[in-house]
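Student: This is the structure, below, for whatever I ask next.
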Amino acid sequence: MKSPVRVAVTGAAGQIGYSLVFRIASGEMLGKDQPVILQMLELPMEKAQAALKGVMMELEDCAFPLLVGMVGTDDAEVAFKDADVALLVGARPRGPGMERKDLLLENAKIFTAQGAALNKVASRDVKVLVVGNPANTNAYIAMKSAPDLNPKNFTAMLRLDHNRALSQLAIKAGVAVADIEKLVVWGNHSPTMYPDYRFATVGGSSLKDKIGDESWNRETFIPKVGKRGAAIIEARGLSSAASAANAAIDHLRDWVLGTDGKWATMGIPSDGSYGIPKDVMYGFPVVCKDGKYEIVSGLVIDDYSREMMNKTLAELEEERAGVASLLG
Ligand code: NAI
């Protein structure tokens with residue numbers, strides 16, 4: 001039997017957490033032969049800790065053969081101790097009357113502390129995925145707060161946007177999701193993101209040509225993917241949870257187990273590719289192999305795409321400037 005992997009999950013008793021931890025424990029994220037130890041963090045408040053206790057009781061009641069240990073705590077240094085994987089889901093939600101800037105700052109405090117805790121106690125190879133919003137900027141803050149860890153260990157979740165885009169393309173073109181390759185979503189996990197179907201293929205030929213409707217791309221597809229989160233809230237009265245947990249599973253599974261040469265979208269610190277300034281946590285097309293990701297290079301960026309990529313970059317730069325004072 002393989003030795004167990006330690007998986008930390010913050011906000012484990014929240015909506016996404018409740019959809020996520022059972023799938024991790026069942027082996028859907030790291031493989032059906034990979035034992036895991038779940039290390040779950042929740043806020044110290046009585047209600048949150050009680051909810052976490054309930055989640056742990058249910059995990060027990062599933063009797064997952066791959067779940068070989070569990071920790072529930074309100075202490076980040078306990079949750080992140082020797083963690084090989086960390087899913088940072090818990091975040092401060094926007095309260096009534098709260099300005100975007102205040103939301104950024106409140107979350108900056110959380111992710112500065114969690115980045116420092118990871119820096120202190122996590123495995124030196126820890127793979128970190130930030131889900132809690134604003135995901136890209138929170139991931140950037142955690143990365144900057146962990147100077148002893150490789151910045152490439154920090155990523156932000158764009159996979160839900162990628163999956164949303166895949167399904168909309170499949171519906172429009174009348175093809176199977178599984179047959180679509182080479183899709184990318186550039187930039188920030190926010191309505192400014194740019195789902196880019198120009199390189200996408202189905203059965204090896206151009207999906208854009210098959211659809212043959214550029215006005216649909218610009219006027220329907222891109223805004224629909226961008227506003228999908230709001231549409232879910234409108235319909236469900238709650239934000240996306242099962243689909244967000246599913247995307248987190250996809251992101252980590254691809255990163256750890258590889259993509260077999262296929263493209264995925266990950267929010268990662270830029271290495272300067274495609275004119276995106278170094279360190280900006282930006283959605284890029286990547287290929288994963290042997291536990292590492294690499295940006296797909298050599299793609300041609302046309303004028304429209306450059307404009308879209310710059311718009312989402314400008315938003316990220318603005319968010320980064322908003323928290324700069326906290327990062328020293
Ligand atoms: P939720 O409010 O149901 O759950 C969040 C949980 O985190 C709560 O149980 C809360 O007690 C806990 N928490 C808050 N601050 C914490 C901290 N500092 N340490 C540990 N635990 C903490 O929210 P939900 O629906 O699970 O969403 C979580 C986050 O994910 C939100 O920020 C949401 O905006 C974001 N999200 C991101 C998506 C993406 O694609 N990147 C998609 C959907 C949601």
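Student: Using only Cα atoms, tell me the angle between helix 159-173 and the longest principal axis of the chain; keep it within 0 to 90° and round to the nearest 10.
Tutor: Once rounded, the angle reads 40 degrees.
Student: Name the aspartates and glutamates eligible as straight-distance cross-link partners of K53: C-alpha to C-alpha under 14 Å, and not fewer than 8 places from it in the same chain.
Tutor: Answer for K53, where 14 Å is the Cα cut-off: E42, D61, D74, listed by chain and number.
Student: Measure nothing but the geometry: give the 0 to 90° angle between the long axis through the Cα atoms of 303-327 and the longest principal axis through the Cα atoms of the chain, rounded to 10°.
Tutor: Roughly 30 degrees, rounded to the nearest 10.
Student: Rounded to the nearest 10 degrees, what's the angle between the helix 242-257 long axis and the longest principal axis of the chain, both from Cα atoms, 0 to 90?
Tutor: Relative to the chain, helix 242-257 is tipped by roughly 90 degrees.
Student: Moving on. Once neighbouring chains are kept in place and the probe is 1.4 Å, which whole percent of the accessible area of segment 5-156 is contributed by carbon and sulfur?
Tutor: Within segment 5-156, the accessible surface is 55 percent carbon and sulfur.
Student: Ok, one more. How many percent of all Cα-Cα pairs in the chain sit more than 38 Å apart?
Tutor: 12
Student: In Å and whole numbers, how far do the C-alpha atoms of segment 227-309 stretch along each principal axis, longest first?
Tutor: Taking the Cα atoms of segment 227-309, the three principal extents are 41, 34, 21 Å.
Student: Between M57 and R306, take the C-beta separation as r, use R0 = 45 Å, and let me know the FRET efficiency to the nearest 0.05.
Tutor: 0.30
Student: Ignoring ligands, DNA and RNA, what accessible area per residue does segment 12-169 give at 1.4 Å, in Å²?
Tutor: For segment 12-169, the solvent-accessible area averages 41 Å² per residue.
Student: How much of the accessible area of segment 158-322, in percent, comes from carbon and sulfur atoms when a 1.4 Å probe is used?
Tutor: Its accessible area is 49 percent carbon and sulfur atoms.
Student: Once the whole set of protein chains is in place, how much accessible area is left on D74, using a 1.4 Å probe, in Å² to the nearest 10?
Tutor: Rounded to the nearest 10, the figure is 80 Å².
Student: For n ≥ 4 DSSP H runs only, could you compute -39500 (n - 2.57) per run for the chain, divide by its residues and tell me the 222 nm figure to the nearest 500?
Tutor: The helix-only estimate for the chain comes to -13500 deg cm²/dmol at 222 nm.
Student: Hey, another quick one. Counting only heavy atoms of the protein chains, get the accessible area per residue of segment 194-260 (1.4 Å probe) and round it to a whole Å² value.
Tutor: Solvent-accessible surface per residue comes out at 48 Å².
Student: Let me ask something else about it. Please give, to one decimal in nm, the separation of the simple spin-label points placed at M45 and D290, each 7 Å out from Cα toward the Cβ.
Tutor: In this crude label model, M45 to D290 measures out at 4.7 nm.
Student: For the ranges 302-310, 51-59, what's the packing order if you count other beta-carbon atoms within 10 Å of each residue, average per peptide, and put the highest first?
Tutor: Taking the mean over residues of other Cβ atoms within 10 Å, the ranking is 51-59, 302-310.
Student: Testing the spin-label approximation: label points 7 Å from Cα along Cα→Cβ at T220 and K2. State their distance in nm.
Tutor: 4.2
Student: Among rounded, prolate and oblate, which fits segment 74-145 when a ≥ b ≥ c are the square roots of the eigenvalues of its C-alpha gyration tensor, a/c under 1.5 means rounded, and a/b larger than b/c means prolate?
Tutor: prolate
Student: Shifting gears a bit: Given a Förster distance of 41 angstrom, what is the FRET efficiency for L326 paired with L238, based on the Cβ-Cβ distance and rounded to 0.05?
Tutor: Efficiency at R0 = 41 Å is approximately 0.85.
Student: Could you give me the percent of Cα pairs per 5 Å distance bin for segment 5-156, shortest bin first, beginning at zero and ending with the bin that holds the maximum distance?
Tutor: Spelled out per bin, shortest first, that is 2, 10, 20, 22, 21, 14, 7, 3, 1, 0.
Student: Sticking with this structure for a sec: Along its three principal axes, how long is segment 158-322 when you only count alpha carbons? Whole Å, largest extent first please.
Tutor: Answer, in whole Å and largest first: 39, 37, 34 Å.
Student: Here is a further query. Contour minus end-to-end for K109 and K278, with contour as 0.36 nm per residue of separation and end-to-end as the Cα-Cα distance?
Tutor: Extra length from K109 to K278 when fully extended: 58.5 nm.
Student: Right, another one. Counting DSSP beta bridges with both partners in the chain, what percentage is antiparallel, nearest 5?
Tutor: Of those bridges, close to 45 percent are antiparallel.
The values are calculated or read from the model by the stated rules, or taken from the named source; none is laboratory data. It should be emphasised that the depicted structure is a prediction, and the values quoted were computed from it without experimental measurement. With ideal geometry, Cβ positions are generated from the backbone for all residues, glycine too; neighbour counts draw on all protein chains shown. We work out accessible area using only protein heavy atoms, side chains counted, and drop any ligands, DNA or RNA first. Shrake-Rupley method; radii C 1.70, N 1.55, O 1.52, S 1.80 Å.
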